[in-house]
1. Scanning for something in contact (Cβ under 8 Å) with a residue 60 or more places away in the chain and of a type in the set (Lys, Arg), does region 77-87 turn up at least one residue?
2. From the set of residues in region 430-480 that are closer than 18 Å to Ile509 by Cβ and among the charged types (D, E, K, R), which is surrounded by the most Cβ atoms within 10 Å (Cβ to Cβ)?
3. Out of all the residues in region 515-537, is one or more without any contact (Cβ under 8 Å) to a residue 12 or more places away in the chain and touching a helix residue (DSSP H, G or I) at 6+ places or on another chain (Cβ under 7 Å)?
4. Go through region 201-217 residue by residue and tally those that are farther than 13 Å from Tyr184 by Cβ and either hydrophobic (A, V, I, L, M, F, W, C) or not assigned by TED's automatic domain parsing to the domain that holds Lys240 (or both).
5. Return the only residue of Lys553, Lys603, Lys540, Lys598 being at pLDDT 75 or above and more than 29 Å from Phe416 (Cα to Cα).
6. Anything in region 255-282 that is crowded, with 17+ Cβ neighbours inside 10 Å and of a type in the set (Gly, Ala, Ser)? List them, or say none.
7. Which of (1) assigned to a loop (DSSP other than H, G, I, E, B); (2) under 19 Å from the mean Cα position of the chain (by Cα); (3) closer than 20 Å to Pro574 by Cβ; (4) not small (Gly, Ala, Ser) does Ile381 not meet, given it meets every other one?
8. Restricting region 419-437 to residues that are over 15 Å from Val399 (Cβ atoms) and not in a loop (DSSP other than H, G, I, E, B), which is modelled with the lowest pLDDT?
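The values are calculated or read from the model by the stated rules, or taken from the named source; none is laboratory data. What you are looking at is a predicted structure, and each value in this text was computed from that prediction instead of being measured. All Cβ positions, glycine included, derive from the backbone under ideal geometry; neighbour counts span all protein chains shown.
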Amino acid sequence: MIKQILNGKWKCKPDVDNVGLTAEWFRPKLYDENDSELLNIEIPNSFNTLKGYEIYEGIFWHFFEFAIEEKNLSEISLFRLKFNGSNYNTMVWLNGKYLGEHNGGFTPFHFNVKKFNAEKTLLAVRVENIRKKNRIPAISFDWLNWGGIYRDVELLYMRKNRIKDVVIKTELESRKKSIIKISYEIIGELSLRWEIEDIALNKILFQGKISKISGLGGFNLTFHNPELWSPNNPYLYYLKIFNQESDELIYESSFGIREIKVDGKYIFLNKKRVFLKGASLHEELMPFGRTIPYEERENDIKSMKSLGFNALRTAHYSHDEDLIEIADKEGMLILEEIPVYWACNFKSNDTFHTAAKMMRNLIKRDINHPSVIWWSVGNEIPIERPEVSKFIKRLMDWVRMHDDTRLVTYVSMKLFTDLTRRYADVATINFYFGWYVGSTRMISLMLDVMRTPTFNKPWIYTEFGAGAKYKFYDEWENQTKFSEEKQLHVLDYSIRTFNAKEYLAGWFIWIYRDFRSFLRQNEYQQGFNRKGIVSEKNEKKLIYHRIPKIINKRRKLLNTKLLGIFLWIVLYIPAYILTYLILDAGIIFGDTKTIEKKKLIDKERILNEYRNQ
């Protein structure tokens, strides 16, 4: 397969009044006539990085002229135009011919092209990021809705005889013996030569040949005394596949030998109990938006490792594959998620199919990455509602059909009313004691209460934290909201408590870095979620320096298991009524209010903040 990168200097144009389709802006003649009126944009990039469009949610057209680089096309059966990430609805034309559209903002997609009829080709791409009820995420969500073509664009030259997919799975019979299972799908017919190489030792460990194969196939290997991949030993092997006739390298992938499993209330990595300690991270860094340079992503992973973290939750969607590759190399466990978030249209089959397609695309992209250990199918959803529970259980079952080597779960915010946790591999909870509700002293007892109906699984505290504005200090003994001292107090107490709960399998601070959220408009936030342990500019808050000292500390706790069981029995029915009728109704039916509130935001002030950075 030959790859031509289509990144670079593109042209673009906003379509505020949605006239581009009717006016046929995709036609090459109109592009030539209006070229001087177009804006310049460097792709990959979000249109929200353009001056004046920092918070724009709407339609943007993108244009790019290119020529076919490969001259010998006799063996090429088709071309594949691939977008690695474009948010949210993307429609594509080549030389005025419509190729198709895609919904979803965080996973790769492609269109097939049989041939090119011109030396120069005009690629026209219409992208819009308008919030809609049947989309994922839907109308209300707590991050900036970056729009545009923000990941790489590629033109793939597909040969008549080629490898379509390769999946590498590893199983441990023991820590000294691994089974490597390699499966593939061949389009056409090929004779292959393959090898597995240890790059560190510069040594070929396994090799073989397969003659004249087509369709589905595979083979298994037994590997004695392998180096097992883990955060402490991110050891990678490489599979290389060659065309036996031409000896051309036609596929390569790194992989790690590792196994992630649940046994009772514990998680085991490579047959050793593992405790996850980490933070979540949004794919955002100013001034890059979502198009974060490789070295900046690398700095994030290395910085988190230096604090003692061994895991990262990608909130609340899949990040660029670069981050996953860095995690493979550096040794960071990755918890991936799709943005089934808050109030989606859970009664709609179209919504389910969109979610299933997102999960399938994500699994297909990251199946061979050893750092990825779980798939989460949603976050903070009204799970006690029958239609939501059915949706989530169905989606988890669908994920297990496509990958049986990783943990499958969803992230819950329900203290008492979530009975669907029983169907997940790991039970989770997002709750902010000491910040939104009560005191951090409530954490231990509340964990014992909520664990009652799901006591036989590992639990992970997937979100906790407190907001802090960088360099805003406290004069009132850790009580001032948004002070660095208040944040330090909440996280310090919480971490020590989590470490002492024997059934907890891990915890994740919300969040590593401050990020844009226009729902948050008080004097300390001003359009940011400030719960990061570093600011949006990576400035280190007090908690950042404290984490290495407390990350393994624990406090003495009272045994409240029996009390927890009693309280759950007493509280379940009133809590169900309260959340079902009141709290969830605010999430599900409150979208209109959220939109109206958004309209009241002082947009000029926010725009000026962007321009002055």
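1. From region 77-87, those in contact (Cβ under 8 Å) with a residue 60 or more places away in the chain are 77-87; that's our starting set.
If we keep only those that are of a type in the set (Lys, Arg) too, we end up with 80, 82.
Yes, the conditions are met somewhere in region 77-87.
2. Across region 430-480, the extreme among qualifying residues is Glu463.
3. Checked region 515-537: no residue is without any contact (Cβ under 8 Å) to a residue 12 or more places away in the chain and touching a helix residue (DSSP H, G or I) at 6+ places or on another chain (Cβ under 7 Å).
4. 4
5. Working: Lys553 fails: more than 29 Å from Phe416 (Cα to Cα); Lys603 fails: at pLDDT 75 or above; Lys598 fails: at pLDDT 75 or above.
Just a single option satisfies the conditions, and that option is Lys540.
6. Gly256, Gly278, Ala279, Ser280
7. Ile381 satisfies every listed condition except (3).
8. Filtering region 419-437 for residues over 15 Å from Val399 (Cβ atoms) gives 419, 421-422, 427-437.
Narrowing the set further to residues that are not in a loop (DSSP other than H, G, I, E, B) leaves 421-422, 427-430, 433, 437.
Values: Arg421: 97, Arg422: 97, Ala427: 98, Thr428: 98, Ile429: 98, Asn430: 97, Phe433: 97, Val437: 93.
Per the criteria, the residue is Val437.
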